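A quick write-up on the structure given underneath.
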């Protein structure tokens, strides 16, 4: 059995997750306080896990844990990126999510005092498309820092599609990157000290 602590990055509520099974994979649940999706590793054998709200709270305005959104990429969707029904392939959006997350992660490391790192993608957690993206849409990929560890950094990437005067929320994902030494591809600390 494994017990982990999770924090809702929207409102600051704390959860305890108890994993009973051995086979784990990405999953999510909604915060009981604000309804925001919280991504976590869960047991995928017979849903053998329990999630408990430990403490409900709201972040004070000055201590929000996530940074302000940064538009890492803005692109006009072209006909070459469509499927036979005329909407943009999901894989094209996933590729931009990965690139945008890496751009935002490098920026956050530099802002924190590190040198621009070489990053590799470790995980893209749950991407659920809420709206189709069409040819001519101007799509923005906005990044925010979720957390930074010794060698890894987690970014939230929100995808918005502008269609005329309308702005549609397409999807969002948490992307995890690890800094590496390009010579031998071993993990490398992102920040000095």
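Derivation of every value follows stated rules applied to the coordinates shown; laboratory data play no part. In this text, all values refer to a predicted model and were calculated from it rather than measured experimentally. Cβ: placed from backbone, ideal geometry, glycine included. Neighbour counts: every protein chain shown.
Set the Cα radius of gyration of segment 70-187 against 2.2 N^0.38 Å, with N its number of residues, and you get 1.13.
Protection proxy ranking for 118-129, 143-154, using the average of other Cβ atoms within 10 Å per residue and placing the highest first: 143-154, 118-129. Taking the simple approach of a point 7 Å from Cα along Cα-to-Cβ for both residue 95 and residue 162, what is their distance in nm? Calculated label separation equals 2.3 nm. Estimated at 0.36 nm per residue, the fully extended path between residue 120 and residue 169 surpasses their Cα-Cα distance by 15.0 nm.
At what distance in nm do the modelled label points of residue 185 and residue 14 sit from each other, each positioned 7 Å from its Cα along Cα→Cβ? Placing both labels 7 Å beyond Cα along the Cβ direction yields 3.9 nm.
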